[in-house]
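Rule-based calculations on the coordinates, nothing more; no lab input. Nothing here was measured: the structure is a model prediction, and the numbers come from that model. FYI the Cβ positions are ideal-geometry reconstructions off the backbone, even for glycines, and counts take in every protein chain you see.
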Ligand SMILES: [Mg+2]
């Protein structure tokens, strides 16, 4: 057990944006003051975004406007991670046919890559990012360059983008059109691929940063793939039940409720006979059903403490890894 605030054990925290830092145009509760306090103790804060249509300047401006003062250099986008990947594999100066907004164009220039306008300019790479003004002509040009042998890269493969009215078409769905045409699958840089995490760590000069995310299949899967610890928070997409039932590749190393857990000492669950204990709580799996010491079988809609939640997840993961078929109702976690 340690008394150190969690993030101080790592020195650098790499945060997801939507569902973790803000919801749409509103900062999530406790985030601005927690990040201010974290920075005051010397913890470096970086932000990751799979959105390849926005420049770091645009993201920094948004965060600053939400009460989280941020510089463009504190942001890593999937466009930057993809451009870095192209430069690393094909060398600076390589010709690239690119689809995307100013964010992709700038990212290519920062890596010393040459942007070309046509497949006839012999690009050695195609980089596809999201642009709301994308045209069929551009998609076809990319497909032709790929047929002629250009390496295919994508900023990210998110199939859809949530908005106030439902889901819009994400970069992954437009990439699918080119894949369908060419039969070639791109190398992607954004979450859940590890490249964007590695670039953020490199920028931060951090050998072992802590990542923070709300969605298991992107944030946590990417962190696990990058070999980095992940604090999962319950302010966004993935609820506690999904965490408890997560398979190995999607399991966070740290379970939190919200951003405040970044600055609290972390109490992990430990084995205790047939139980998994976390401070005053303990859980186990009996006949595929989760139960808490003292209150018995977990019921639908039950409210549990953060310590109980950590004990439940540890018990469920251990049982699942031992071949048990674990079930879990929807639960609410409260501090
Ligand atoms: Mg998120």
- Query: Taking neighbour counts of Cβ atoms within 10 Å as a proxy for exposure, in what order, fewest first, do 58, 259, 228 appear?
  - Reply: 58, 228, 259
- Report, in whole Å, the centroid distance computed from the Cα atoms of the range 257-303 and the range 79-147. 48
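Counting only helical runs of four or more DSSP H residues, what would the 222 nm mean residue ellipticity of the chain come to if each run contributes -39,500 (n - 2.57) and the total is spread over all its residues?
Here the helix-only value at 222 nm equals -9500 deg cm²/dmol.
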- Note on the structure: So the angle from the long Cα axis of helix 56-65 to the longest Cα principal axis of the chain, reported in degrees to the nearest 10, equals 40
- Relative contact order of the range 178-320: what whole-number percent is it, with Cα pairs under 8 angstrom and at least 6 residues apart? 17
- Message: I want the antiparallel fraction of DSSP beta bridges within the chain, as a percent rounded to 5.
- Response: 35
- Note on the structure: From the Cα centre of the range 1-73 to that of the range 195-216, the distance in Å is 12
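Normalised by the number of residues in the range 64-167, what is the relative contact order in percent for Cα pairs under 8 Å and 6+ residues apart?
Answer for the range 64-167 is 26 percent.
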- Would you work out if the range 270-334 is rounded, prolate or oblate? Take a ≥ b ≥ c from the square roots of the eigenvalues of the alpha-carbon gyration tensor; rounded if a/c is under 1.5, else prolate when a/b is larger than b/c, oblate otherwise. oblate
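Taking square-rooted eigenvalues a ≥ b ≥ c of the alpha carbon gyration tensor, is the chain rounded, prolate or oblate, where a/c under 1.5 means rounded and, failing that, a/b exceeding b/c means prolate?
Because a/c hits 1.5 or more and a/b exceeds b/c, the chain counts as prolate.
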- Task: With everything on Cα atoms, drop me the angle between helix 195-204 and the longest principal axis of the chain, reported from 0 to 90° to the nearest 10.
- Result: 80
- Query: Between the helical axis of 306-321 and the dominant principal axis of the chain, each derived from Cα atoms, what acute angle in degrees is found, rounded to the nearest 10?
  - Reply: 70
- For the range 7-145, averaging the sequence separation of alpha carbon pairs under 8 Å that lie six or more residues apart and dividing by its residue count, the contact order in percent is 20
- Note on the structure: Nearest-0.05 FRET efficiency for residue 64 and residue 332 at R0 = 35 Å, using Cβ-Cβ distance, is 0.60
- Message: Rounded, prolate or oblate for the range 154-208? Axes are the square roots of the Cα gyration tensor eigenvalues, ordered a ≥ b ≥ c, and the cut-off for rounded is a/c under 1.5.
- Response: oblate
- Task: Take 238, 327 and order them by how many other Cβ atoms sit within 10 Å, fewest up front.
- Result: 327, 238
- Message: Could you sort the peptides 11-19, 79-87 by per-residue average Cβ neighbour count (10 Å cutoff), highest mean leading?
- Response: 79-87, 11-19
- List 250, 120 from most exposed to least, where exposure is judged by having the fewest other Cβ atoms within 10 Å. 120, 250
